[in-house]
Amino acid sequence: MRWYWETAVEPLLEAVEARTIVEVGVQEGITTAELIAFAERNDGIVHGIDPVPLPRALELAERSDRFVLHRDQSLDALPRLEVDLDAALIDGDHNWYTVINELRLLAALSESRGRDFPLTLLHDVGWPYGRRDQYFDPAAIPEEHRHPMGGGGLWPGRPRVHEDSGLNPKATHALSEGTPRNGVLTAVEDFVAESDQQFELTVLTGLFGLAILISRERLASSEPLRACLDSFRSPEWLEAECRRLEHARLMSHARLDTVRHRLKELARGGHRPAP
């Protein structure tokens, strides 16, 4: 989610004048810190949900009175929120069952409080998790909603899970991709299809993908929100996004070359400290 902060997340939060925000998947708190700063500028509050937040996120919770940390699974924590949500950021457990139920809970919360469905942003709707489940804790997913799975990494264009290489090789992944009820984007699309509400779904490509889910009723009543979405289709925004993607690609190459160089140094018995 942090990749999209300046180009999409912050402009969208500003467009809806978000004051109460929930973030599912705090981890080390990189996006959380941005959200807290946003809340401080706008007299807001951030609710973070993560069963195992890392130390930096715990420090943020101790230091800021604009951040409430819920150390629990999202499907247990969301029903206990008694707030008028303006926006939700979802970047937690990347599987169909968890994501579609997070969206259902957000819909139920907003309906119970007489509110529009919150602006909802979901990360990892591109490859690899748009159409393939990842299970942080397989035991937390009902058996009937778990695909056959295994540990190992993923490679673009290669459908199988690789035991000791690829992206996220220590994670537990569904062995298949592109099947029904499989993946984050599939969950979003299935939620939209089953809902009585009408939604506008926009997907930004690159850097694992970002989905923007907005009720059409809310979109129709907000000129700033419509203008923000339109800007994502402009040649200027797309050109800037291409530059950002190229920068990310070059940074990845630089890191890879650095690792290769250090491995060669170690193989020769040399050692150089990290810069």
- Do the conditions hold for His147, that is, is it part of a strand (DSSP E or B), free of Cβ contacts under 8 Å to residues at least 60 places away in the same chain and farther than 28 Å from Glu6 by Cα? no
- Filtered residue count, region 1-26, keeping only those that are free of Cβ contacts under 8 Å to residues at least 40 places away in the same chain and of a type outside the set (D, E, K, R): 1
- Message: What's the number of the only condition in (1) at pLDDT 95 or above; (2) within 30 Å of Ala240 (Cβ to Cβ); (3) assigned to a loop (DSSP other than H, G, I, E, B) that Glu23 fails to meet?
- Response: (3)
- The one condition in (1) part of a loop (DSSP other than H, G, I, E, B); (2) surrounded by fewer than 16 Cβ atoms within 10 Å (Cβ to Cβ) that Arg160 fails to fulfil: (1)
- Search region 26-49 for residues being small (Gly, Ala, Ser) and crowded, with 24+ Cβ neighbours inside 10 Å, and hand back the single one that is modelled with the lowest pLDDT. Gly29
- Which residues, taken from region 15-34, are more than 25 Å from Ser222 (Cα to Cα) and more than 14 Å from the chain's Cα centre (by Cα)? Ala33
- Query: Taking into account only those residues within region 90-135 that are touching a strand residue (DSSP E or B) at 6+ places or on another chain (Cβ under 8 Å) and among the acidic types (Asp, Glu), which is nearest to Val192 (Cα to Cα)?
  - Reply: Glu102
- Out of the residues in region 87-105 that are of a type in the set (A, V, I, L, M) and over 21 Å from Ile36 (Cα atoms), which is farthest from the chain's Cα centre (by Cα)? Leu105
- Whichever residue in region 116-140 is over 18 Å from Phe191 (Cα atoms) and not in a helix (DSSP H, G or I) and, among such residues, is farthest from the chain's Cα centre (by Cα): Asp137
- Message: Could you tell me how many of the residues in region 50-101 are β-branched (Val, Ile, Thr), surrounded by 15 or more Cβ atoms within 10 Å (Cβ to Cβ) and in a loop (DSSP other than H, G, I, E, B)?
- Response: 1
- Query: Out of all the residues in region 28-45, is one or more touching a Leu at 6+ places or on another chain (Cβ under 8 Å) and in a strand (DSSP E or B)?
  - Reply: no
- Message: I'd like to know if region 230-251 contains one or more residues that are surrounded by 10 or more Cβ atoms within 10 Å (Cβ to Cβ), in contact (Cβ under 8 Å) with a residue 24 or more places away in the chain, part of a strand (DSSP E or B) and within 23 Å of the chain's Cα centre (by Cα).
- Response: no
- Do we have Leu185 as assigned to a strand (DSSP E or B) and either of a type outside the set (Ser, Thr, Tyr) or touching a residue at least 40 places away in the same chain (Cβ under 8 Å) (or both) here? no
- Give me the pairs: first residue in region 191-217 and surrounded by 16 or more Cβ atoms within 10 Å (Cβ to Cβ), second residue outside any strand (DSSP E or B) and among the polar types (S, T, N, Q), beta-carbon distance under 6 Å, and six or more apart or on different chains, which are they? Ser215/Gln197
- Query: Inside region 72-85, can you point out the residues that are touching a helix residue (DSSP H, G or I) at 6+ places or on another chain (Cβ under 9 Å) and under 16 Å from Leu103 (Cβ atoms)?
  - Reply: Gln73, Ser74, Leu75, Leu78, Pro79, Leu81, Leu85
- Task: May I ask you to list the residues in region 47-66 that are in contact with a Ser or Thr (Cβ under 7 Å, 6 or more places away or on another chain) and either free of Cβ contacts under 8 Å to residues at least 24 places away in the same chain or over 16 Å from Asn101 (Cβ atoms) (or both)?
- Result: Gly48, Ala57, Leu60
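The values are calculated or read from the model by the stated rules, or taken from the named source; none is laboratory data. Because the structure is a prediction, the values reported are computed rather than measured. In this analysis, Cβ positions are derived from the backbone assuming ideal geometry, glycine residues included, and neighbour counts consider all displayed protein chains.
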